[in-house]
1. Quickly work out the ALA190-to-GLU62 label distance, labels modelled 7 Å from Cα along the C-beta direction, and quote it in nm with one decimal.
2. Got the relative contact order for region 1-112 handy, in percent, Cα pairs under 8 Å and 6 or more residues apart?
3. Once you've got the GNM for the chain with C-alpha springs shorter than 10 Å, pick whichever of GLU204, GLU49, GLU160 has the biggest mean-square fluctuation.
4. If R0 is 30 Å, what FRET efficiency do you get for SER137 and ARG3 from their C-beta distance, rounded to 0.05?
5. Which entries in LYS30/LYS177; LYS30/LYS180; LYS108/LYS162; LYS108/LYS180; LYS12/LYS149 show an alpha-carbon gap greater than 19 Å?
6. I want to check the label-to-label distance for LEU169 and LYS149. Put each point 7 Å from Cα in the C-beta direction and report it in nm to one decimal.
7. I need to check one value: relative contact order of the chain, counting alpha carbon pairs closer than 8 Å and at least 6 residues apart, in percent.
8. Under 10 Å, Cα contacts only: if you run a Gaussian network model on the chain, which one of ILE88, ILE206, ILE33 comes out with the highest mean-square fluctuation?
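Nothing in this text is a laboratory measurement; each read-out follows from the coordinates by a stated rule. On a predicted model such as this, the values are computed, not experimentally measured, just so you know. Glycine also receives a Cβ, built like all others from the backbone with ideal geometry; neighbour counts cover every protein chain displayed.
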Amino acid sequence: MERVQLHEEMTKLRRELSLMAARVEADLGKALIILRSESESSLLSEVRESGKIVDALQLKIEDMTFVLIATQSPVAGDLRELLVIYKITSALERIGDYGIHLARAAEKFARKASFRSMERIERMAETALQMLGSCFSAFTSRDVNGARKAASLDDKIDDEHKALTEEVLKLMKKKPKLVKSAARLLRISAYMERMGDHITNICEGIIFMIEGRHEELND
């Protein structure tokens, strides 16, 4: 009877995690729309409000995880999954925060002359969005190779971040008046780079959940 209850509660937990992941993914998509200046900045308010829901979901999922561990005595694969879900919620919360930072920065840059480097930010956000979708597809289908493929996309983000940093540092030397905006650009690029790292960590967690072993991805 206890195993049946654990199975039912695990199903509910996965559903809540899927809702959280879908919301974070949607918010990152909205930030990308703002970055492309395809919409009014009202989307920024939507992303901010959604961030509060993401925070609430994190707490809810963490509480559910604690209760299941304390009351159902999960073992083996079930215990691994619960531990991984707990870590995933924390990573998703950070990814959501970076999405909000991106939306804010995009809204500010939309009112100023465009930087060529903004195209790199856009590509980084696009890649992160692709990574996130592929990552949770791998989680749902228990696809180890899918998790590895999702994590491999982080190399694109890292390459763009490195190239952008070099470009912006040169720009700051040539045009001191743009230092403040350039510094903001460097900061948002760093957020995107960290976002890729968090998604990679989720992919590593998926592999541990399925195979019971730690695998470092994209060292």
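1. 2.4 nm
2. Across region 1-112, relative contact order equals 43 percent.
3. Residue with maximal mean-square fluctuation among GLU204, GLU49, GLU160: GLU49.
4. Approximately 0.65, to the nearest 0.05.
5. Violating the 19 Å limit, Cα to Cα: LYS30/LYS177; LYS30/LYS180; LYS108/LYS162; LYS12/LYS149.
6. The answer from the label model is 3.6 nm.
7. So the answer I get is 25 percent.
8. Answer for the Gaussian network model of the chain: ILE33.
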